[in-house]
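The values are calculated or read from the model by the stated rules, or taken from the named source; none is laboratory data. Everything numeric here is computed off the predicted structure, so don't read it as measured data. Cβ coordinates were reconstructed from backbone atoms using ideal geometry, including for glycine residues, and neighbour counts include every protein chain displayed.
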């Protein structure tokens, strides 16, 4: 059994050959992994069918219980269509995702870097690596068996070797890592598509989409930055080789090469982080709140406000009792009995209806006068004495 997914093309140069091998193997991984997961009768296909049935059943129960509206069925049908398109058709998924995410960023970077003096970024990286290796061999030959820790040509050779490793890892290494991550994310599409059906699992689907977009944006930043890096490094390395040809082995010409490699390695990591931040802005639409829930909440609020306003009737009764007490204390005993009787009847009527009655009209006995008119009159002598 052949362990390889495909036969990579013959490409000159280590950087270009490594990236071509990765692209070939990644495409084979996506195609075969997708076919294995989406095969009829497989565990992933059975799980997806069960999730579709559960989603439809939950929506039906929501309608029966009055917690959903029929217009939500449009969103459910759209989600089911998207899930079936992702999880059952490799041709659709290849056109929709693989060609867009795996190839479009590289083409966009090529359009950005188009020009008469622009070369292929990977060919530029390979040219820089070959020249750095040649310069490192020249310093190593001159150093002999001396240790790099003592400085001199041995330290310069070590600096050039480390610069070559940093350049390779920050360019080809990031591109290969991004392609492999994207291939795995695309291959598990039949498993992740079912998470789009439910609000509780939609966050996992969002994370899956963000990871794919972040991995797809890495080549856009790396290829753009590596073109600038090779444009800076090629003259530096060419001058270093010219000095070696003239018999000059100066360490001052080696230091800028190492600094440029380190600075652009940090810039490429920052570009990958920027792509992750961009992908982190993906948000899938959420289900809106049902109008039935809004009506129920409004009715509940109305009932709560009614129950709070209920203690108004007992307050009116208490005020009426206090007024009756004051009137009975001011009146005579002969006229207080009818007033108390009328007041009691009014209070009983208020307690039965729950509404405070108006002012109570007290009956007055015939032949009686108000209590204030019965006060003793003062004599004229008393009035003159008081004055």
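Among the helices (runs of 4 or more DSSP H) confined to the range 163-261, the ones with at least 3 residues that are more than 39 Å from the chain's Cα centre (by Cα), in the same structural domain as residue 131 (by TED's automatic domain parsing) and surrounded by 20 or more Cβ atoms within 10 Å (Cβ to Cβ) are located at 202-245.
Scanning the range 58-72 for residues that are surrounded by 11 or more Cβ atoms within 10 Å (Cβ to Cβ) and in a loop (DSSP other than H, G, I, E, B) gives 66, 67, 68, 69. Of the residues in the range 99-109, none is within 22 Å of residue 12 (Cβ to Cβ) and assigned to a loop (DSSP other than H, G, I, E, B). For the criterion of being within 30 Å of the chain's Cα centre (by Cα), in a helix (DSSP H, G or I) and under 18 Å from residue 195 (Cβ atoms), residue 52 passes. For residue 114, the conditions (1) assigned to a loop (DSSP other than H, G, I, E, B); (2) in contact (Cβ under 8 Å) with a residue 12 or more places away in the chain; (3) closer than 29 Å to residue 225 by Cβ all hold with the exception of (2).
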